[in-house]
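Read the structure below first, then the notes.
The values are calculated or read from the model by the stated rules, or taken from the named source; none is laboratory data. Predicted model, so just to flag it, every value in this text is computed and none were measured. A quick note on method: Cβ atoms are made from the backbone with ideal geometry, for glycine too, and the neighbour counts reach across all protein chains shown. Note: accessible area is taken over every heavy atom of the protein model, side chains too, but ligands, DNA and RNA are not part of it. Shrake-Rupley method; radii C 1.70, N 1.55, O 1.52, S 1.80 Å.
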Amino acid sequence: MKRIKLKITALSPLAIAAKKPGSVSEAEDHIPGSVIRGAIASQILQLSNQQTPRIAEQNLTADGGDFEALFLGDEPAIFQNAYPAVAKIANKSFLVDKQKTEKEKYDTIYRVVNDEILVLPVTSVSSKTDSGFKPKANGVFDTLIDRFCADSYNYPYDPSDPKSLEEKTDARVEPYGSGFYSKTNDRETKYQYRSHSVSTRFLTRVGINRQRATSQDDILYSIEVLNESFVENPQEKNWHPVVYRSDILVNDADLAKSLTDFINQNFQIFRLGGATSRGLGKVEITATMDDAFTDVESRIAEFNKQFKNRWQLWSVFSTPENNLLENRTYFTLDLQADAILTDNWRRITVISPKMLCEFVNLDDEFAQLNDTEEKDNFLKLEVAYSSYNYRSGWNSAWGLMKDIELVTNRGAVYLFSIDKENEKKWTDKLKDLELNGVGDRTSEGFGQVRVCNEFHNVFRENAK
């Protein structure tokens, strides 16, 4: 499998609305994979129409060539969501705090980074009064492992903010998950974790009278858009274009090469989102191709190492009835995008062991197990943290609204355990699962997952 890395540079505001039931229409905080997929497919058809007139009216599912393989085949290309690459960075200031001269002072700057952009798990928390990453805020830490250990030892778990305790202020914490973050690979950087976001604004427009084709009195409407630029340093007011990063996963190497060449040769013709006829949605897209690989094995090993150390640390309170870590390997599935999960034609928000076995093609082996104990020994869902929302959209090809889907929100966390003897088999399966995703409409960016997100290893005393 090949991975095509996309760099999307915004040249004008992006009107990418999250359609919800009712009249509410809010701007997304990212570019959905379905928008990127539709824009590329539309340009391919438009350019092909110049060589083959009325090509869009042909049955491309039967004899569509490369277009069929990319968008309509049994294993279509996977267009993942594009997340903002603008990071909030703590830059060491040359100024000195006169009251605390020994304390380092940091300024906040915004800069486009090349690091991998991930979604914080919903189990991460931060201070209720000063939330965010250090050093400008009190720090963020994860609670998944500690909460699981506390429940196993029958001990109440009520996390608090360590910095607030030192300063004798409000030490309560609240969930901080589902936002974007990255971690720099520069070991010399003291504060390696950065949050990512993009700002929005409203554009007010005048309504048009359809009969006279002129402006209509007393009719105004507003469009919420993603800003096309950001200020690197608020003091200097130097503006830079907003950049988003995404991936396209393609099974066929030749097809991936052709798609990469097409994007690079036509990098200025793409339009994303709505209101493109009014000057919105102009972007530049550049693509680079690489092999698709994951480091799932090392992440699972590190997660279980930290899990074991934490389990021993909690043993000072009591002795559990059963050692839940004995002959077991644990792993998490962290949703990096909204997922559409279906079980017996019903929309659900939890990935059950049966569903996971279906995702990794182990459903026949799971079905042969007789009782609940054997199934739990093979694969057990220990705990799940998830929530739901509704999503819709507009299908430009059909000229119709998409169906309203119940989706599981990104950031959801599912903790599973397996028999240690099956660790190698499951590791290989999870590598493919991380590339292919879970649930329905994965080719449109839904169901992106990450196995054993590294942020689960950030504990309270080492808040980042």
Residue-span extension gain [Lys105 to Asp440] - 0.36 nm each, minus C-alpha spacing: 115.8 nm
query: What Kirkwood hydrodynamic radius do you get for the stretch 298-419 when you take the inverse of the mean 1/r over all pairs of distinct Cα atoms, in Å?
result: 17.0
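If you average over every viewing direction, what projected area does the convex hull of the Cα atoms of the chain give, in nm²? Kindly include the intermediate steps, with their values, before the conclusion.
Working: hull surface 113.3 nm².
Computing the convex hull of the Cα atoms and averaging its projections yields 28.3 nm².
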statement: Taking a crude spin-label model, label points 7 Å out from Cα along the C-beta direction, the Trp239 to Asn114 distance in nm is 2.7
query: More than 14 Å apart: what percent of Cα pairs in the stretch 209-267 qualify?
result: 78
- prompt: Measuring from label point to label point, each 7 Å out along Cα→Cβ, what is the Glu373 to Ser229 span in nm?
  reply: 6.9
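Using per-residue counts of other Cβ atoms within 10 Å, averaged over each peptide, order 302-309, 411-418 from highest down.
411-418, 302-309
Determine, for each peptide in 242-249, 400-407, the mean count of other beta carbons within 10 angstrom over its residues, then list the peptides with the highest first. The partial results should precede the final answer.
Numbers: 242-249: 23.0, 400-407: 14.1.
Highest to lowest by the protection proxy: 242-249, 400-407.
If the limit is 26 Å between Cα atoms, which of Lys375/Lys420; Lys402/Lys429; Lys136/Lys305 go over it? Kindly include the intermediate steps, with their values, before the conclusion.
Details: Lys375/Lys420 14 Å; Lys402/Lys429 32 Å; Lys136/Lys305 31 Å.
Flagged as over cut-off: Lys402/Lys429; Lys136/Lys305.
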statement: 1/(1 + (r/R0)^6) with r = Cβ-Cβ of Lys420 and Asp290, R0 = 35 Å, i.e. FRET efficiency to nearest 0.05, evaluates to 0.60
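For the chain, what is the charge dipole size about the Cα centre, in debye to the nearest 20, if Lys and Arg each add +1 at the Cβ and Asp and Glu each add -1 at the Cβ? Show your work: numbers first, answer last.
Working: 58 positive and 69 negative charges, 399 e Å.
Value, rounded to 20: 1920 debye.
Between Ser160 and Val350, what length in nm is gained on full extension when 0.36 nm per residue of separation is reduced by their alpha carbon distance? Walk me through the intermediate numbers first.
On the way: separation 190, 0.36 × 190 = 68.40 nm, distance 2.79 nm.
Residue separation times 0.36 nm, minus the Cα-Cα distance, leaves 65.6 nm.
Accessible area, 1.4 Å probe, largest first: how do Val225, Val198 sort? Show your work: numbers first, answer last.
Numbers: Val225 0, Val198 30 Å².
Per-residue accessible area, sorted high to low, gives Val198, Val225.
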- request: Would you mind getting the Kirkwood hydrodynamic radius of the stretch 156-274 from its Cα pairs, rounded to one decimal in Å?
  value: 20.9
message: Semi-axes of the equivalent ellipsoid for the stretch 253-331, please: Cα gyration tensor eigenvalues, times 5, square-rooted, ordered largest first, whole Å.
response: 51, 19, 9
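Assuming 0.36 nm per residue, please report the length gained on full extension of the stretch Asn361 to Asp261 beyond their Cα-Cα distance. Walk me through the intermediate numbers first.
On the way: separation 100, 0.36 × 100 = 36.00 nm, distance 3.39 nm.
Answer, rounded to one decimal: 32.6 nm.
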